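Presented below is the structure to which this report refers.
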Amino acid sequence: MAGKVKYHELSELERKKFLGEFYTMVSLLRSREEVKSFFKDLLTLSEAVMISRRIQIAKMLLGGHTYSDIKKKLKVGGGTINQVERWLNNGFGGYKKIIKRCQSNYDRKTFSEIEDAPFSLKRIRRKYPLHFLLINLLEKEK
C-alpha cells in the first residue's frame with residue numbers, strides 16, 4: 001500500500017511538474033466564486049483556516065502588531081508567527097504584494113459602496129420599497 005509521499009522524496013522534475021500545474025490552475029480562476037469553489041474542493045476546512053490565519057498573521061505583522069498582540073488575538077503560537085515573519089522578510093514577496101494590493105482595493109472603496117452593503121438601510125429600502133413608501137415619497141419631494 002502506498003503511503004504519504006514526502007516533498008523531499010520527489011524528484012526535481014516531479015516537484016516542478018506538480019507545482020507548475022497547481023500554479024497554472026490557480027491562475028486560471030476567473031472570479032471570487034471560482035476561487036472559493038476550487039479551494040473548498042481542494043482543501044479541508046482545517047487547511048483553509050490554517051492558511052487564512054497565516055494571512056491574518058502577515059497582515060498584523062505588516063500593520064506593526066507585536067507577537068503578544070497576535071498571539072492573544074489569533075490564538076497562535078510564537079513559532080507560527082515567527083515562520084510567517086520569516087516568509088514576509090525572506091520569501092519571494094508574495095505575502096507583502098497581495099496584502100498591499102488587497103489593502104489598496106479596500107482603501108479605494110468609497111463611502112457609498114460601504115453604505116450600500118447587504119444589510120445597510122439604503123439597500124433594504126431599495127429591496128423593500130413599499131415598506132418605506134412614505135419616507136421614499138417625502139425624500140423625492142425634497
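Nothing in this text is a laboratory measurement; each read-out follows from the coordinates by a stated rule. Since this is a predicted model, take the numbers as computed values, not measurements. As a convention, Cβ positions derive from the backbone with ideal geometry for all residues, glycine included, and neighbour counts pool all protein chains shown.
With a length cut of 20 Å (Cα positions projected on each helix's long axis) and a Kyte-Doolittle mean of at least 0.5, go through the chain and give me the DSSP H helices that pass.
Qualifying helices: 45-62.
So if I place +1 on the C-beta of Lys and Arg and -1 on the C-beta of Asp and Glu, and nothing else carries charge, what would the dipole magnitude of the range 49-108 be about its Cα centre? I want it in debye, nearest 20.
The dipole magnitude comes to about 120 debye.
When the helices in the chain are scored as -39500 (n - 2.57) per DSSP H run of 4 or longer and the sum is shared across all residues, what 222 nm value do you end up with, to the nearest 500 deg cm²/dmol?
The per-residue figure over the chain is -22000 deg cm²/dmol.
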